[in-house]
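K.L.:
Mind looking over this structure? Questions follow.
The values are calculated or read from the model by the stated rules, or taken from the named source; none is laboratory data. Only a predicted model underlies this, so the values are computations on that prediction, with no experimental measurement involved. All Cβ positions, even for glycine, are placed from backbone atoms using ideal geometry, and neighbour counts span all protein chains on display. Accessible surface is based on the protein model in full, side chains and every heavy atom, while ligands, DNA and RNA are left aside. Shrake-Rupley method; radii C 1.70, N 1.55, O 1.52, S 1.80 Å.
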Amino acid sequence: MIIKQAAERVVLVRPGPGLVSAAVVAGLDVWVVSDLGPWPRPQDARPPAGLPPQRLLTVDFDDAEALRALLADTVLKHGIGHVLYLASDLEKGLGTGSAAAAEEVLRELSARREEPAGRLPDAVTIRRILNQSRTSAVRAEEAQSVAEARALAEDFPLPVVIKSADKSGCWWTVPVHDRPGLDQWAEQAVTARHSAPYLVEELLTGAKFRVETLTVDGMHLVADITPEGNAAPLHDAERAGIRATVRALLDLAGYESGATRTDVLVSARGSRIAAARDEDREREREADRERDRERGGNGGSRATAASGIERGTDR
């Protein structure tokens with residue numbers, strides 16, 4: 001995800017306007033690698049004022065070797081400290097094959113430089129951190145068994161959210177709206193062999209936003225805040241509140257390097273975090289699941305087939 005060499009010089013690979021703006025506002029020295037053709041493309045904001053034309057580099061993203069050569073030459077020539085990208089930015093406007101090939105090039109460069117990937121703690125630890133700091137406090141209780149989690153949920157006013165991890169370490173977030181739903185969750189958790197700890201939380205309400213963040217040496221660049229569902233556009237103060245809440249979580253978790261996605265709900269109670277995940281770790285697990293599917297030959301993930309639970313849902 002991040003390729004380290006020197007200082008605060010960065011190359012942004014096929015960035016969306018949010019990442020460019022965040023990097024410039026943070027005071028980083030920016031180069032941009034984009035698609036062939038005039039920049040900005042129609043879907044992009046204009047490059048920030050003062051960014052020299054020679055720092056707007058173009059390459060054919062269908063040519064992985066050309067991308068590799070351009071990045072290697074740019075890093076060496078200018079003493080670049082970090083090469084940054086978001087997988088979601090690569091996927092926008094590129095075919096699946098081109099995006100995957102480009103990401104593979106970036107991963108190879110990262111591995112070559114032995115840059116350690118960041119790791120967020122698990123869902124239980126994240127909620128504990130947030131509640132203890134009062135940063136994004138919600139009612140939550142931990143359980144050591146399915147039976148205990150069920151009993152705790154019955155003490156909450158429904159609906160609730162229950163979080164638990166499957167045997168691969170992937171956390172599942174399940175909304176439970178009524179007693180039959182609670183029965184169904186308990187049955188599925190046992191069938192899918194989910195393990196302790198379990199986390200029972202109040203179901204957050206409000207407008208939902210997906211926040212993508214890149215962290216460089218402890219500096220959190222909020223690259224994108226995307227509304228989901230029927231969420232209305234945010235006012236400047238609300239956007240600032242979301243950025244502050246997400247950055248506070250990453251600071252409290254000691255997160256130093258990598259890409260994260262955070263689901264934030266905004267209501268009269270302010271910005272509250274529903275879930276956060278490490279994008280690199282999720283992609284590694286998805287690759288593992290894909291290999292399992294190929295070996296199993298059944299066309300479906302064993303965990304998904306067994307549980308029927310959607311990861312990351314909170315409603």
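K.L.:
Leaving ligands, DNA and RNA out of it, report the carbon-plus-sulfur percent of the accessible area of the stretch 175-215 at a 1.4 Å probe. Mind showing how you got there, number by number?
P.N.:
Numbers: 780 of 1670 Å².
Exposed carbon and sulfur together represent 47 percent of the surface.
K.L.:
Give a residue-ordered list of calculated ³J(HN,Hα) values for the stretch 223-236 (Karplus: 6.51 cos²θ - 1.76 cosθ + 1.60, θ = phi - 60°; whole Hz; x for Gly, Pro).
P.N.:
Residue by residue, the stretch 223-236 yields 8, 7, 10, 10, x, 10, x, 9, 4, 7, x, 8, 7, 4 Hz.
K.L.:
Which ³J(HN,Hα) values in Hz, rounded to whole numbers, follow from the phi angles of the stretch 150-161 under the Karplus curve 6.51 cos²θ - 1.76 cosθ + 1.60, where θ = phi - 60° and Gly and Pro get x?
P.N.:
4, 4, 4, 4, 5, 7, 7, x, 6, x, 10, 10
K.L.:
With a cut-off of 8 Å between alpha carbons and a minimum separation of six or more residues, what is the relative contact order of the stretch 149-249 in percent? Kindly include the intermediate steps, with their values, before the conclusion.
P.N.:
Values: 122 pairs, mean separation 22.6, N = 101.
Answer for the stretch 149-249 is 22 percent.
K.L.:
With unit charges on the beta carbons (Lys and Arg positive, Asp and Glu negative) and the dipole taken about the Cα centre of the stretch 79-219, which residue among Trp171, Ala147, Gly79 sits farthest to the positive side?
P.N.:
In the stretch 79-219, that residue is Gly79.
K.L.:
With a 10 Å radius around each residue's Cβ, average the other Cβ atoms per peptide and rank 272-278, 213-219, highest first. Write out the running numbers ahead of the final one.
P.N.:
Values: 272-278: 21.3, 213-219: 19.6.
By packing density, highest mean first, the sequence is 272-278, 213-219.
K.L.:
Also, quick follow-up: I need the phi-derived Karplus couplings for the stretch 166-172: 6.51 cos²θ - 1.76 cosθ + 1.60, θ = phi - 60°, integer Hz, Gly and Pro marked x.
P.N.:
7, 5, 7, x, 7, 8, 10
K.L.:
How long is the gain from Glu91 to Ser195 if the chain were fully straight, where each residue apart is worth 0.36 nm and the alpha carbon distance is subtracted? Each step should come with its number before you reach the end.
P.N.:
Working: separation 104, 0.36 × 104 = 37.44 nm, distance 3.39 nm.
Gain on stretching Glu91 to Ser195: 34.1 nm.
K.L.:
Any idea of the accessible area per residue across the stretch 152-267, 1.4 Å probe, to the nearest Å²?
P.N.:
41 Å²
K.L.:
While we're on this one: Out of the trypsin sites (Lys or Arg not before Pro) in the stretch 154-232, which ones are loop residues according to DSSP with at most 12 other C-beta atoms within 10 Å? Walk me through the numbers on the way to the answer.
P.N.:
Working: sites: Lys163, Lys167, Arg193, Lys208, Arg210; in loops: Lys167, Arg193.
Here the trypsin sites (Lys or Arg not before Pro) that fit, given the DSSP loop and packing criteria, are Lys167, Arg193.
K.L.:
Distance from the Cα centre of the stretch 201-218 to that of the stretch 79-102, in angstrom?
P.N.:
Using only Cα atoms, the two centres lie 22 Å from each other.
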